[in-house]
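**Q** Could you have a look at this structure, given as structure tokens, before my questions?
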């Protein structure tokens, strides 16, 4: 589960960097869009953190926010395609797809659904 967390945090950091770059290009009235956008991103970051904790605790509801975030990553990469190199957008899409696939992978779903052994050692 640690690798999935790292990928989600890497994607969140990249998205925050892109948003910061876009806001800095707006000009002196950037605070009009910057403050609400920062509040929205901060609240979604809290939801993502709660979703990660829920998955680590074996609860299923955490998949929804994480998959939604990956869909937003793909949409953002597509929207920024005219302004950023295609390779950068491609890396963002690949990371989003890999992360969503990892969250929805059968073993990950079984772990979050509580369908697992109580012991880390397989029965003999």
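**Q** Can you pull the semi-axes for region 42-107, root of five times each eigenvalue of the Cα gyration tensor, sorted largest first, whole Å?
**A** 25, 14, 7
**Q** Moving on. For residue 78 and residue 50, what does the FRET efficiency come to when R0 = 25 Å and r is the distance between their Cβ atoms, rounded to the nearest 0.05?
**A** So, using R0 = 25 Å, E works out to roughly 0.40.
**Q** Between residue 87 and residue 109, 0.36 nm times their residue separation minus their Cα-Cα distance comes to what?
**A** My answer for the length gained is 4.8 nm.
**Q** Further question: Between residue 40 and residue 59, how many nm apart are label points set 7 Å from Cα along the C-beta direction?
**A** In this crude label model, residue 40 to residue 59 measures out at 2.6 nm.
Any read-out appearing in this document is the output of simple, stated calculations on the displayed coordinates, not a laboratory observation. Keep in mind the model is a prediction, meaning the values are calculated, not measured. Please note: Cβ atoms are built from the backbone with ideal geometry, for glycine as well, and neighbour counts cover all protein chains shown.
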